[in-house]
Amino acid sequence: MNSIGVVPGSFDPVTLGHLDVIARARGLFDQLHVVVVHNPDKRAMLPIAQRVSLIEKALADAGLGDIHVTNWSMGLLVDYCQEVGAKVLIKGLRSASDVAYETPMAIVNRKLADIETVFLMPDPVHGHVSSSLVRQVAGLGGDISPYVPAAVKEFIEIGRAVQQECRTDIVC
């Protein structure tokens, strides 16, 4: 049986906690898809195409290049699952609030399309890390290297340098 799993998320930006869950999910399925989805309840820092690119780079750097990375913004996530033949969504849970948020969606996905949801806990070292926290620390000029892959750190630092240069240069 060819098992296909889908790891969805906004990944804005992808964190080491995300990579931990993705790497462990990869060991559970014959194929794994990481799908960047638009969350209308969140104000994005990075465009979706950039998030896909950073995930691909981070996965390649981690030796996980055999994972399909894409985005999905038209329709329900279960539509994507049905399109690729996946029967399982994989979600990372850090806390009780994640459980409360994810459980109703898991129930609806199962009722809509018979798609099961598997919850994985990240390594405890990453349990406190969220993309929101990373965005906040990065926005205030803090060191995000303990929380994100090198590709993300580099991309955000380049963006910070450009912003700093523009603050001192009237041409920007």
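The values are calculated or read from the model by the stated rules, or taken from the named source; none is laboratory data. Just so we're clear, the structure is a prediction, and the values are computed from it rather than from any experiment. Every residue, glycine as well, gets a Cβ built from its backbone with ideal geometry; the counts of neighbours run over all protein chains shown. Heavy atoms of the whole protein, side chains included, go into the accessibility calculation; ligands, DNA and RNA do not. Shrake-Rupley method; radii C 1.70, N 1.55, O 1.52, S 1.80 Å.
Yes/no matrix, rows are residues, columns are (1) open to solvent by 40 Å² or more (accessible area, probe 1.4 Å); (2) polar (S, T, N, Q); (3) more than 11 Å from the chain's Cα centre (by Cα):
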residue	(1), (2), (3)
4	no, no, yes
8	no, no, no
14	no, no, no
25	no, no, yes
34	no, no, no
42	yes, no, yes
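Report those strands (runs of 3 or more DSSP E) wholly inside the range 1-118 carrying at least 2 residues which are over 22 Å from residue 152 (Cα atoms). Give the derivation first.
Details: elements: 4-9, 31-37, 68-72, 88-92.
Output list reads 4-9, 88-92.
Looking only at the range 59-73, count how many residues are closer than 18 Å to residue 27 by Cα and either surrounded by fewer than 19 Cβ atoms within 10 Å (Cβ to Cβ) or not aliphatic (A, V, I, L, M) (or both).
The qualifying residues number 8.
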Q) Just a yes or no: is a residue in the range 28-43 without any contact (Cβ under 8 Å) to a residue 60 or more places away in the chain and at positive phi? A) no
Q: Scan (1) within 28 Å of residue 111 (Cβ to Cβ); (2) touching a strand residue (DSSP E or B) at 6+ places or on another chain (Cβ under 9 Å); (3) of a type in the set (A, V, I, L, M); (4) open to solvent by 20 Å² or more (accessible area, probe 1.4 Å) for the single condition residue 76 breaks and write down its number.
A: (2)
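Please specify each residue of the range 79-124 satisfying the condition of being among the aliphatic types (A, V, I, L, M) and either open to solvent by less than 60 Å² (accessible area, probe 1.4 Å) or touching a residue at least 40 places away in the same chain (Cβ under 8 Å) (or both). Write out each step before concluding.
The initial filter retains those residues of the range 79-124 that are among the aliphatic types (A, V, I, L, M), namely 84, 86, 88-90, 93, 96, 99-100, 105-108, 112-113, 115, 118, 120-121.
Residues satisfying the conditions are 84, 86, 88, 89, 90, 93, 106, 113, 115, 118, 120.
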